[in-house]
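Right, one structure below, let's go through it.
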Amino acid sequence: MNWDTLYDACMSCKQCRLSETRTNVVFGVGRRDAEVVFIGEGPGQQEDLQGEPFVGRSGQLLDDMMAMIDLNRENTFIANIVKCRPPGNRDPLPAEQTACSPWLDQQLKLIKPKIIVCLGRVSAMYMIRPDFKITKDHGQWFMHEGVHMMALYHPAALLRDPARRPETFVDLKTLQAKIREICTSTY
Ligand code: URA
């Protein structure tokens, strides 16, 4: 599958019940050849309405976090584990994550990132390992099928609990160091 066929197929997906309540499929945004990919959990209300990931309040904070280390929506790719909004902003169910996984798998096959940054616990448990503990394991590097992976606190968690922001600043510096070490694009 190439990017355009993947996009078209994803836009009309009906593999799970989230398709019944969505306004828009939130495919993802950014470079198709990004070396750094951010993966959140699933669209919220604003993302569902606008069809773009992280455009609400936590998205504003994510933009600010990325800007600290010269990242933005044009030099990375941002996606979610599930592409349609779970009603009431609940966590996506395991069955919904499984139903949606081929889309993200295909995107990552085409993008071939060097670094994947999981945003929050749900994404890290899915991408890195099921027993991932965000309070203990954030900012640590894991290697998965040749890709360097780490997790940050979810921006929504940082909005709720600003006391965690200094730790996230340290994690962002760790990410920046890894980018300087292994990425070839000028970030
Ligand atoms: N939270 C997420 O995990 N993803 C989004 O796209 C928006 C909020």
TODO: With the condition kept exactly as written, say whether any residue in the range 119-131 is at negative phi, among the β-branched types (V, I, T), in contact with a Phe, Trp or Tyr (Cβ under 6 Å, 6 or more places away or on another chain) and part of a loop (DSSP other than H, G, I, E, B).
DONE: yes
- [ ] Select, from E41, E96, the only residue that is modelled with pLDDT of 95 or more, within 15 Å of the chain's Cα centre (by Cα) and either of a type outside the set (A, V, I, L, M) or more than 17 Å from L158 (Cβ to Cβ) (or both).
- [x] E41
Task: Every residue from the range 136-167 that is without any contact (Cβ under 8 Å) to a residue 12 or more places away in the chain and either part of a helix (DSSP H, G or I) or under 17 Å from M125 (Cα atoms) (or both) - done: K136, Q140, M143, E145, R160, P162, A163, R164, R165, P166
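Take the residues in the range 29-44 that are within 9 Å of the ligand (Cβ to nearest atom) and out of contact with any Cys (no Cβ under 8 Å at 6 or more places or on another chain); name whichever of them is nearest to I115 (Cα to Cα).
Checked the range 29-44; the qualifying residue nearest to I115 (Cα to Cα) is G40.
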Task: Cβ-Cβ under 6 Å pairs, at least 6 apart or on other chains, the range 50-65 side without any contact (Cβ under 8 Å) to a residue 24 or more places away in the chain and within 15 Å of A157 (Cα to Cα), far side within 9 Å of the ligand (Cβ to nearest atom) and assigned to a loop (DSSP other than H, G, I, E, B) - done: G56/G44
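Does I69 satisfy being modelled with pLDDT of 95 or more, near the ligand (Cβ under 8 Å from one of its atoms) and not hydroxyl-bearing (S, T, Y)? Reasoning before the result, please.
Values: modelled with pLDDT of 95 or more: yes; near the ligand (Cβ under 8 Å from one of its atoms): no; not hydroxyl-bearing (S, T, Y): yes.
Here the answer is no, as I69 does not meet what is asked.
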Task: Residue identified as within 15 Å of the ligand (Cβ to nearest atom) and farther than 24 Å from I128 by Cα among N2, N24, N80 - done: N24
Task: Where Y187 falls short, out of the listed (1) part of a helix (DSSP H, G or I); (2) away from the ligand (no atom under 16 Å from the Cβ); (3) touching a residue at least 12 places away in the same chain (Cβ under 8 Å) - done: (1)
- [ ] Taking L119 as meeting all but one of (1) surrounded by 17 or more Cβ atoms within 10 Å (Cβ to Cβ); (2) under 20 Å from V25 (Cα atoms); (3) free of Cβ contacts under 8 Å to residues at least 24 places away in the same chain, write down the number of the exception.
- [x] (3)
- [ ] State whether the residues of the range 105-113 include one that is of a type in the set (A, V, I, L, M, F, W, C) and touching a Lys or Arg at 6+ places or on another chain (Cβ under 9 Å).
- [x] yes
Task: Single residue of A99, A95 found to be small (G, A, S), surrounded by 15 or more Cβ atoms within 10 Å (Cβ to Cβ) and farther than 23 Å from L71 by Cβ - done: A99
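The values are calculated or read from the model by the stated rules, or taken from the named source; none is laboratory data. Just so it is clear, the model here is predicted, and its values are computed rather than measured. Neighbour counts run over all protein chains shown; Cβ positions are idealised from the backbone, glycine included.
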